[in-house]
1. Would you point out the residue of segment 371-409, among those that are without any contact (Cβ under 8 Å) to a residue 24 or more places away in the chain and not charged (D, E, K, R), that is farthest from A421 (Cα to Cα)?
2. If we keep just the residues of segment 532-549 that are in contact (Cβ under 8 Å) with a residue 60 or more places away in the chain and polar (S, T, N, Q), which is surrounded by the most Cβ atoms within 10 Å (Cβ to Cβ)?
3. Which one of these does F520 not meet: (1) under 19 Å from A459 (Cβ atoms); (2) open to solvent by 30 Å² or more (accessible area, probe 1.4 Å)?
4. Just to be sure, is D3 open to solvent by 60 Å² or more (accessible area, probe 1.4 Å) and either at pLDDT below 70 or in a loop (DSSP other than H, G, I, E, B) (or both)?
5. Do we find a residue being at pLDDT 95 or above and touching a Ser or Thr at 6+ places or on another chain (Cβ under 8 Å) anywhere in segment 399-414?
6. What number of residues in segment 161-195 are free of Cβ contacts under 8 Å to residues at least 60 places away in the same chain, more than 20 Å from L147 (Cα to Cα), open to solvent by 60 Å² or more (accessible area, probe 1.4 Å) and touching a helix residue (DSSP H, G or I) at 6+ places or on another chain (Cβ under 9 Å)?
7. Looking at A494, A427, A421, can you tell me which residue is under 23 Å from K577 (Cα atoms), under 32 Å from the mean Cα position of the chain (by Cα) and either open to solvent by 10 Å² or more (accessible area, probe 1.4 Å) or of a type in the set (A, V, I, L, M) (or both)?
8. How many residues are touching an Asp or Glu at 6+ places or on another chain (Cβ under 8 Å) and among the hydrophobic types (A, V, I, L, M, F, W, C) if we restrict to segment 217-238?
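The values are calculated or read from the model by the stated rules, or taken from the named source; none is laboratory data. Being a predicted model, the structure only gives us computed values, none of them experimental. Virtual Cβ from ideal backbone geometry, glycine too; neighbours counted across all protein chains shown. Just so you know, the surface numbers come from the protein's heavy atoms only, side chains and all, with ligands and any DNA or RNA stripped out. Shrake-Rupley method; radii C 1.70, N 1.55, O 1.52, S 1.80 Å.
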Amino acid sequence: MGDGVSNQAETLEFQAEARQLLQLVVHSIYSNKDVFLRELISNASDALDKLRLATLVDKDLVADTDDLHVALEIDSDARTLTVRDNGIGMTRDEVVQLIGTIAKSGTAELLRQLRESADAHAKQDLIGQFGVGFYAAFMVADRVTLLTRKAGETGGTRWESTGEGTYSIEAVDEAPQGTTVTLHLKPADTEDNLHDYTAEWTVREIVKRYSDFIAWPIRMSVERPGVDGAAATREVQTLNSMKALWARPRDEVDAAEYNEFYKHVSHDWADPLEVVHMKGEGTFEYEALLFLPSHAPLDLFSPQGRRGVQLYVKRVFIMDDCEALVPTYLRFVKGVVDAHDLSLNISREILQQDRQIQIVRRRLVKKVLATVKDLKANHAERYRTFWTEFGAVVKEGLIDDTDNRDALLDLLSVASTNDPAEPTDLAGYVSRMKDGQSDIWYATGESRAAIENSPHLEAFRAKGHEVLLLTDQVDEVWVERVGTYDGRPLRSIAKGEIDLDTDEEKQQAEAEREQQRQEFAGLLDWLGTTLTDSVREVRLSSRLTTSPACVVGDAHDLTPTLEKMYRAMGHEIPTTKRILEINPGHPLVSGLRKAHEQGSDPTALTETAELLYGLAVLAEGGELTDPARFTRTLADRLARTL
């Protein structure tokens with residue numbers, strides 16, 4: 001191949017993270033090293049897709065698209081394997097960016113988890129969350145040479161490395177359009193599962209197993225034995241069937257084919273949890289092959305994370321990560337949608353508004369949710385895996401997707417006080433509600449332990465009322481937005497006045513409550529005045545049994561966590577004063593009442609009131625406005641007791 005040098009080669013170092021990842025990939029992470037070829041072919045296929053799309057978008061692009069394909073070349077004497085495509089190619093800067101550095105979010109976390117993972121399969125799963133692609137070549141090669149020319153440009157770039165920390169890069173005057181990757185292979189080593197990749201049958205078998213569904217022809221010159229003593233001849237054969245997997249009937253596709261196709265479109269190394277294969281007919285025809293992953297990617301909550309599915313039109317690749325086809329709360333779904341009637345050069349902007357795309361999107365969502373519903377009903381362990389990995393994301397749909405809100409509510413799996421280990425769904429909660437109970441009670445917090453230790457839970461525990469324990473940040477938002485389930489209000493145990501007594505219990509306790517209201521009226525007024533900067537009201541509590549006090553909100557107040565979230569997003573939210581509830585049966589509260597009635601030292605009384613409020617804030621996991629003052633006052637009061 002012509003590659004006259006026009007510039008002197010420059011030696012550069014891999015970015016530190018890239019170098020670490022390279023070493024992890026090369027040194028015994030994988031038991032199956034054959035996957036390197038799948039990755040290189042997948043990269044080549046992507047380059048061909050991108051060129052086809054580029055020529056559709058830019059009619060002035062000068063590029064050869066007459067015979068787009070992937071070519072494999074074996075040289076047994078030189079022990080090289082070459083993977084060549086005539087796709088989009090790369091500029092020098094793109095080579096450095098894509099191969100010399102890792103500019104993706106989550107890299108440091110990935111490397112940490114890889115180093116700490118002792119299990120080989122776990123390491124493969126972690127690598128799959130990142131997609132190492134090109135680096136996999138160094139598992140089987142001592143040296144890798146890359147020659148590339150961007151479509152529409154005249155000069156090319158040659159890149160070479162042994163994968164040991166540095167690489168050389170130089171400009172070349174001549175290079176074919178696309179990218180050529182030449183692997184200078186290590187010696188075969190059966191003990192290390194390093195096969196002879198100059199063997200024609202080995203390469204053919206790997207292509208058939210991993211890349212049969214690639215939409216572009218994968219060609220290789222193969223030897224044909226002579227007939228009747230004639231000399232052997234060579235001919236170029238296409239190794240893959242190029243059959244679009246999504247267009248074949250489901251009963252004609254086996255699990256292994258689905259698994260490999262999923263790995264191709266998702267760059268995951270683990271098998272999918274579930275396959276969703278569907279076909280839309282009628283006025284707008286399409287085929288869809290979607291997958292629910294078995295684990296969450298590292299970038300699931302990253303704004304820069306990959307999301308969406310691949311869009312094809314009549315088998316022609318149009319775009320990767322097509323967000324218009326799946327809502328944000330299903331961003332983990334991977335796969336392909338092949339539409340029959342869209343324009344080939346449809347833009348992302350037009351796509352967002354296209355009526356037919358919106359129809360497909362609605363059908364895909366309903367099918368995915370129906371699939372999860374089936375997992376919940378018939379495959380408990382797989383559903384548990386799904387909800388553990390993606391439940392927090394799915395709950396985002398309860399906020400925005402009103403059309404599917406009922407279906408999403410039925411899919412919920414949440415912790416509750418009913419069982420210390422097993423979660424419940426809302427239907428299960430309703431079936432266990434006490435006679436006369438009209439509300440579905442819930443509590444939000446950072447962890448189950450924090451909620452279970454909250455004073456808000458005391459009366460519910462004493463009365464045997466089940467409470468849902470919600471610990472994801474999104475829970476704070478969706479319960480407010482949804483409001484009801486099956487006609488029953490969703491109510492926070494930390495808001496409003498709580499009355500769990502039956503009518504009979506209310507009658508029996510009314511006289512005692514009236515007496516307490518009279519006895520504590522003076523203290524309540526004084527506390528309200530003393531703590532006016534912190535609370536808007538002080539009242540007797542019916543939700544406390546063992547704690548002296550707690551802070552609660554009115555039914556429509558924002559929770560402290562929601563206030564914090566809005567401020568983090570840049571919203572100016574006024575601080576909401578909350579309500580202090582005190583337990584008349586607690587010794588600290590009854591003692592404070594007596595001291596107040598006796599006219600004790602005003603400074604000491606004020607300090608006690610502030611400590612009482614501070615303890616209530618801390619008990620629910622809140623933050624004190626002046627923690628230094630609180631600890632200083634507490635220390636002084638403790639010192640006086642010694």
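1. Per the criteria, the residue is T402.
2. S547
3. If we test F520 against (1) under 19 Å from A459 (Cβ atoms); (2) open to solvent by 30 Å² or more (accessible area, probe 1.4 Å), just (2) comes out false.
4. On the way: open to solvent by 60 Å² or more (accessible area, probe 1.4 Å): no; either at pLDDT below 70 or in a loop (DSSP other than H, G, I, E, B) (or both): yes.
For D3, the condition - open to solvent by 60 Å² or more (accessible area, probe 1.4 Å) and either at pLDDT below 70 or in a loop (DSSP other than H, G, I, E, B) (or both) - is not met.
5. yes
6. Final tally of qualifying residues: 0.
7. A494
8. Step one: of segment 217-238, the residues touching an Asp or Glu at 6+ places or on another chain (Cβ under 8 Å) are 220-224, 232-234.
From the residues that got through so far, the ones that are among the hydrophobic types (A, V, I, L, M, F, W, C) too are 220, 222, 232.
Matching residues across segment 217-238 total 3.
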